[in-house]
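Chemist: Below: one structure in structure tokens.
The values are calculated or read from the model by the stated rules, or taken from the named source; none is laboratory data. From a predicted model like this one, the values you see are computed outputs, not experimental measurements. So basically every Cβ, Gly included, is an ideal-geometry build from the backbone, and we count neighbours across all protein chains shown. These accessible areas exclude ligands, DNA and RNA; they are computed on the full protein's heavy atoms, side chains included. Shrake-Rupley method; radii C 1.70, N 1.55, O 1.52, S 1.80 Å.
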Amino acid sequence: MKNFFFEISILFITAVFVCLIVLPMFALFTTTSFEELIYQFRSPVILSAIVISLETSLIVVFLSLCLGIPVAYLLAMKDFRGKEIIDTLVDLPVSMPPLVAGLALLILLGGNSKFGNLLSSHGVDLIFSKKGIIIAQLFVSIPFLIKSTKDAFASINKNVINASLTLGASKFHTFKTVLLPLAKNGIYTGMIMTWSRALGEFGATSMVAGCIPFRTETMTVAIYQNAMTGEPAASIAVALLLLVFSFTLLLIFKLRIKVQAG
Amino acid sequence: MSIELKGISKSYNGRTVLKNLNLKINQGEFHVLLGPSGGGKTTTLSVMAGLVKPDRGSVFIGNKDVSNLSPDKRRIGYVFQDHALFPHLTVFENIAYGLRLRKVKKQEIKHRVDYYLERINITNEKNKFPRHLSGGQKQRVALARALVIKPDVLLMDEPMSSLDVMTKEIVQEELKSIQQKTGVTTIYVTHDHNEAGFLGDRISVLDNGKVNQIDSSFELFQNPGTEFRTSFVEVKNILDVSPVKTNSYEATVLINNDGLKYPVKIRVKKYPDVEREKEGNLKLKRGQV
């Protein structure tokens with residue numbers, strides 16, 4: 001009898017969880033029509049938000065690879081004083097509220113700071129620009145790539161690396177021909193999580209880049225703007241598109257892992 | 001090429017692993033480092049390979065001081081305990097890896113890899129990935145991968161510890177034959193005294209980071225010396241005895257064995273240590289009884 005109640009409890013709690021995820025999405029899908037969606041996606045403002053989001057988030061994935069892989073390598077393969085501090089710094093943007101991250105970036109890059117002034121004097125204006133969006137998205141999403149890649153590097157058998165070195169490979173050649181191929185699943189996972197996080201970024205982006213249509217309005221900012229200005233149909237259209245993006249990315253990733261495991 | 005360690009010391013977090021280790025291995029020799037786990041055998045190999053930097057001392061390969069050379073510059077072959085094959089490469093590509101680094105021509109790579117594939121009897125598996133190989137096959141591929149680059153010195157770290165007895169004997173025979181044919185100086189780490197006796201031209205007994213004894217396998221098993229060496233080298237062939245009556249040439253001893261119903265007296269041929277240690281129990285090899 002106790003077992004029965006245990007099983008029922010588990011099923012009930014799982015059902016509550018499923019409802020928590022599915023009901024809000026169901027609400028999104030049922031409050032609009034297909035014709036309305038098509039109409040909204042033809043709107044130049046919405047189209048521009050989609051393009052800006054895709055453009056900035058893909059650049060962020062590329063920059064995350066360039067910056068994140070070397071950091072992940074350092075954290076996974078080397079022992080040095082202060083490693084824990086760098087490791088904690090990598091985690092910090094994940095636990096930090098995005099608005100706080102945005103505020104910090106705004107202060108650093110804004111016209112009132114020495115750094116911001118220095119950039120401005122060289123013609124680099126990051127605030128209220130696409131570059132600002134990229135920096136804000138990079139700040140909050142790069143930890144996902146670093147953590148995933150670091151775990152992948154750390155899981156590689158050290159003797160496989162040593163074998164490459166004793167066979168005559170330099171450290172860089174070993175990195176290129178052994179470490180990167182063996183860590184590729186971890187890197188792909190990190191890329192997908194980084195892309196999802198960058199696409200969904202709102203707080204830091206809106207603080208740094210504002211909400212200027214056709215210039216800095218991303219999909220998430222468009223959802224907020226339209227919802228606040230009495231245009232729920234536009235918000236729903238963009239929200240649905242983001243949802244489809246996220247779901248498709250996760251599905252492709254899971255199928256890929258399944259194919260490799262099989 | 002010969003290989004020599006001069007005054008090597010190494011500590012990890014305050015724990016000394018190698019203490020002023022001196023060891024010279026001659027060109028073409030099959031040398032076994034024998035000792036218990038934690039005795040410093042693997043660290044010794046890693047120092048030779050350049051994978052671990054010693055706190056003090058030098059490593060010479062031939063007449064050249066290689067102490068400051070990175071592993072890729074030392075011209076060594078290394079066979080790891082867990083084989084360490086590249087999981088993302090086929091058997092052929094694993095063996096060809098070192099040759100590609102040396103920019104050997106495609107045709108020559110094929111020729112040399114095929115030779116070893118045939119030599120180790122694994123030609124049919126050349127397109128398989130390591131995960132599809134048995135333990136013995138992985139071991140052979142690791143050996144071929146290390147030998148195909150024609151190293152000056154071959155280092156092997158307990159490479160057969162995961163093999164079953166039958167496979168181990170077959171691979172040991174193959175290894176001995178390949179080593180004799182190629183004449184590559186080989187340093188082989190093991191804690192298995194039978195393996196050491198079969199493979200080694202000479203054996204070093206390594207414990208607590210020091211070489212306790214270097215001898216030919218025949219000498220080592222005949223005269224293991226200290227109780228540690230006796231117990232380690234001949235652990236399966238010793239009798240635990242108490243001396244009863246001794247003189248300079250022979251002793252009468254009592255076998256201490258719980259399985260025996262009555263004490264048994266035996267005469268021991270020429271065992272001079274008996275008199276010195278008559279208070280304690282002794283270890284005797286069967287050949288000495």
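Chemist: Output the residue which, of all residues in the range B:118-128 that are closer than 15 Å to B:R140 by Cβ and either open to solvent by 80 Å² or more (accessible area, probe 1.4 Å) or at pLDDT 90 or above (or both), is nearest to the other protein chains (Cβ to nearest Cβ).
Modeler: Here the residue is B:K128.
Chemist: Have a look at A:G116, A:G111 and point out the one that is small (G, A, S) and assigned to a loop (DSSP other than H, G, I, E, B).
Modeler: Of the residues listed, the single one that is small (G, A, S) and assigned to a loop (DSSP other than H, G, I, E, B) is A:G111.
Chemist: Open to solvent by less than 30 Å² (accessible area, probe 1.4 Å) and closer than 20 Å to B:Q27 by Cβ: which single residue out of B:I214, B:I203 fits that description? First the steps, then the outcome.
Modeler: Values: B:I214 fails: open to solvent by less than 30 Å² (accessible area, probe 1.4 Å).
One residue alone meets the criteria, B:I203.
Chemist: Name the residue that is surrounded by the fewest Cβ atoms within 10 Å (Cβ to Cβ), counting only residues in the range A:144-160 that are of a type in the set (A, V, I, L, M, F, W, C) and within 14 Å of chain B (Cβ to nearest Cβ).
Modeler: Per the stated criteria, the residue is A:I156.
Chemist: Just to be sure I understand the filter: pairs with C-beta atoms under 8 Å, separated by 6 or more residues or on different chains, first member in the range A:219-230 and surrounded by fewer than 19 Cβ atoms within 10 Å (Cβ to Cβ), second member in a helix (DSSP H, G or I). Which pairs pass?
Modeler: Filtered contacts from the range A:219-230: A:Y224/A:S206; A:Y224/A:S235; A:A227/A:S235.
Chemist: Sort out which residues of the range A:4-56 are in contact with a Lys or Arg (Cβ under 9 Å, 6 or more places away or on another chain) and either closer than 29 Å to A:I187 by Cβ or not in a helix (DSSP H, G or I) (or both), and write them in order of number.
Modeler: Scanning the range A:4-56 gives A:I52, A:E55, A:T56.
Chemist: Please specify each residue of the range A:6-43 satisfying the condition of being closer than 14 Å to A:V238 by Cβ and of a type in the set (V, I, T).
Modeler: A:T31, A:T32, A:I38, listed by residue number.
Chemist: In addition: Report yes if some residue within the range B:190-207 is farther than 21 Å from B:K41 by Cβ and either in contact with a helix residue (DSSP H, G or I) (Cβ under 8 Å, 6 or more places away or on another chain) or assigned to a helix (DSSP H, G or I) (or both); otherwise report no.
Modeler: Looking through the range B:190-207, none of the residues is farther than 21 Å from B:K41 by Cβ and either in contact with a helix residue (DSSP H, G or I) (Cβ under 8 Å, 6 or more places away or on another chain) or assigned to a helix (DSSP H, G or I) (or both).
Chemist: Same structure again: Say whether the condition of being more than 22 Å from A:I69 (Cα to Cα), away from every other protein chain (no Cβ under 14 Å) and of a type in the set (D, E) is met by at least one residue in the range A:107-125. Let's see the steps before the verdict.
Modeler: Initial filter on the range A:107-125 (more than 22 Å from A:I69 (Cα to Cα)): A:107-125.
Okay, now just the ones that are also away from every other protein chain (no Cβ under 14 Å), so A:107-125.
The next check asks that each one be of a type in the set (D, E); those that pass are A:125.
Checked the range A:107-125: at least one residue is more than 22 Å from A:I69 (Cα to Cα), away from every other protein chain (no Cβ under 14 Å) and of a type in the set (D, E).
Chemist: Report, ordered by the first and then the second residue, all pairs with beta carbons closer than 7 Å, sequence separation of six or more or different chains, a first member in the range A:4-26 that is closer than 30 Å to A:L240 by Cβ, and a second member that is in a helix (DSSP H, G or I) and hydrophobic (A, V, I, L, M, F, W, C).
Modeler: Qualifying pairs under 7 Å: A:M25/A:L243.
Chemist: Mind telling me which of the residues B:I76, B:I95 ends up being farther than 19 Å from B:I187 by Cβ, within 13 Å of chain A (Cβ to nearest Cβ) and under 24 Å from the mean Cα position of the chain (by Cα)?
Modeler: None of the others qualify; the one that does is B:I95.
Chemist: If you take just the strands (runs of 3 or more DSSP E) that sit entirely in the range B:4-106, which of them hold at least 1 residues that are open to solvent by 40 Å² or more (accessible area, probe 1.4 Å)?
Modeler: Details: elements: B:15-25, B:30-34, B:56-61, B:76-79.
Qualifying strands (runs of 3 or more DSSP E): B:15-25, B:56-61.
Chemist: Select from the range A:161-184 the residues that are open to solvent by 20 Å² or more (accessible area, probe 1.4 Å), within 11 Å of chain B (Cβ to nearest Cβ) and farther than 16 Å from B:A142 by Cβ and list them in ascending order.
Modeler: Listed by number, the residues that qualify are A:S170, A:K171, A:F172, A:H173, A:T177, A:L180, A:P181, A:L182, A:K184.
Chemist: Report yes if B:A144 is within 13 Å of chain A (Cβ to nearest Cβ) and assigned to a loop (DSSP other than H, G, I, E, B), otherwise no.
Modeler: no
Chemist: If a residue has to be assigned to a loop (DSSP other than H, G, I, E, B) and open to solvent by 80 Å² or more (accessible area, probe 1.4 Å) to count, how many in the range A:96-108 make the cut?
Modeler: Applying the first criterion (assigned to a loop (DSSP other than H, G, I, E, B)) to the range A:96-108 yields A:96-97.
Next cut, open to solvent by 80 Å² or more (accessible area, probe 1.4 Å) only: none.
Of the residues in the range A:96-108, 0 are assigned to a loop (DSSP other than H, G, I, E, B) and open to solvent by 80 Å² or more (accessible area, probe 1.4 Å).
Chemist: Now a separate question. How about the range B:165-182: which of its residues are of a type outside the set (V, I, T), within 14 Å of B:L147 (Cα to Cα) and under 17 Å from the mean Cα position of the chain (by Cα)?
Modeler: B:E174, B:L175, B:K176, B:S177, B:Q179, B:Q180
Chemist: State whether the residues of the range A:74-95 include one that is assigned by TED's automatic domain parsing to the domain that holds A:G132, of a type in the set (S, T, Y), under 30 Å from A:P143 (Cβ atoms) and open to solvent by 70 Å² or more (accessible area, probe 1.4 Å).
Modeler: Yes, the range A:74-95 contains a residue that is assigned by TED's automatic domain parsing to the domain that holds A:G132, of a type in the set (S, T, Y), under 30 Å from A:P143 (Cβ atoms) and open to solvent by 70 Å² or more (accessible area, probe 1.4 Å).
Chemist: Quick test for you: out of B:L133, B:L155, pick the one residue that is among the hydrophobic types (A, V, I, L, M, F, W, C), open to solvent by less than 40 Å² (accessible area, probe 1.4 Å), in contact (Cβ under 8 Å) with a residue 40 or more places away in the chain and farther than 25 Å from B:R74 by Cα.
Modeler: Result of the check over B:L133, B:L155: B:L133.
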